[in-house]
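Data block below; observations after.
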Amino acid sequence: MKSFSHKRHEPLSGKGVLINAGPTREPIDPVRYISNQSTGKMGIALADAAASLGAEVFLVLGPVNISPENKRIKIFNITTAAEMARQCIKLFPHCDIAILAAAVADFTPEITSPEKIKKSGEPITLRLVPTIDIAAELGKMKKPGQFTAGFALETENETQNAFLKLYSKNLDLIVLNSLRDKGAGFGWDTNKITIIDRNNNIHKFELKSKKDAAFDILNKIIELTESSI
């Protein structure tokens, strides 16, 4: 596979790249919420790498404690899955590539209490409803020439589940992470990825820094988009 040096080449020059990253928080009441352990490190690494390759980057970012290094990246801070969906749907028509790296909550409380729920000693029932599937929505919106990439974080039947997500959401590429791989997943500065594309090609990579993994992902996207021209 052809490799692109981010110091000497800008193969994404003139391209708009939408990236979402980090977790979302789904409020239960004014002080409690449902979330996950995502730190946003992989998505932010992708944003920095894409910007260094010449792209105009739009980063829709959930509540995290880190920021991109590249100051040219346009950041849209959100909190909930609904806010992330609205912003991604708004930006996608103006972008050539979307990389959906966020750990978006699959469910949100049906009712958010306007006041803090007091502990009474009795059990409570929290009814959850599905959130908008951002990857599926963008897959429906996708026009010829646009490219979408998603992520699949799996604990079992990893490859099978990744293929299912790739085709059901009309993605062009999916990045598979397994929580069974040490050093991969939430919180780590490293990642071990497998890239699967629409041609059913499977590319496995060794454990490496998330910054290096970001360039592996972008190199594959560049290769696939150039071959389709």
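Please treat every number below as a calculation from the coordinates, not as lab data. The shown structure was predicted, so the numbers you read here are calculated from the model rather than taken from an experiment. Virtual Cβ from ideal backbone geometry, glycine too; neighbours counted across all protein chains shown.
In whole angstrom, how long is each semi-axis of the equivalent ellipsoid of segment 73-135, when you take the square root of 5 times every eigenvalue of its Cα gyration tensor and sort them from largest down?
Ellipsoid semi-axes (Å, largest first): 32, 12, 9.
Could you work out, for segment 100-229, what percent of all Cα-Cα pairs fall into each 10 Å distance bin, beginning at 0 Å and stopping at the bin that holds the largest distance? With a bin width of 10 Å, the distribution comes to 11, 35, 29, 15, 8, 2, 0. Computed 3J(HN,Hα) for segment 34-48, one whole-Hz value per residue from the Karplus formula 6.51 cos²θ - 1.76 cosθ + 1.60 where θ = phi - 60°, is 9, 8, 8, 8, 4, 9, x, 4, 5, x, 5, 4, 5, 5, 5, glycine and proline marked x. For the chain, the equivalent ellipsoid built from the Cα gyration tensor has semi-axes of 31, 19, 17 Å, listed from largest to smallest. Dimensions of segment 8-105 from C-alpha coordinates, computed as largest minus smallest value along each principal axis and given longest first, are 49, 25, 17 Å.
Arranged from fewest to most other beta-carbon atoms within 10 Å of their beta carbon, Tyr33, Tyr167 become Tyr167, Tyr33.
The alpha-carbon atoms of segment 71-176, seen along their principal axes, cover 55, 37, 27 angstrom, with the largest extent given first. Taking each DSSP H run with n ≥ 4 as -39500 (n - 2.57) and averaging over every residue of the chain yields -8000 deg cm²/dmol at 222 nm.
Each residue, Gln37 and Ile66, gets one label point 7 Å from its Cα in the Cβ direction; the gap between the two is 1.6 nm.
When Asp181, Asp106 are arranged by Cβ crowding within 10 Å, least crowded first, meaning fewest neighbours, the order is Asp106, Asp181.
Please work out the FRET efficiency for the pair Lys74 and Phe107, using the Cβ-Cβ distance as r and a Förster radius of 35 Å; give the result to the nearest 0.05.
Numbers: r = 29 Å, r/R0 = 0.84.
Between Lys74 and Phe107 the formula returns 0.75.
Dipole orientation for segment 6-86: of the candidates Gly40, Ala81, Ser13, Ser13 has the Cα lying most toward the positive pole (charges on Cβ; Lys, Arg +1; Asp, Glu -1). Sorting Glu158, Glu26 from the fewest to the most surrounding beta carbons within 10 angstrom yields Glu158, Glu26.
Modelled label positions at Ile89 and Asn199, each set 7 Å beyond Cα in the direction of Cβ, lie 3.4 nm from each other.
A simple spin-label model places the labels of Ile132 and Ala82 1.0 nm from each other, with each point 7 Å out along Cα-to-Cβ.
Longer than 26 Å from Cα to Cα, which of Lys71/Lys140; Lys41/Lys169; Lys15/Lys142; Lys15/Lys210; Lys90/Lys169 are they? Say none if no pair is. Over 26 Å apart, Cα to Cα: Lys71/Lys140.
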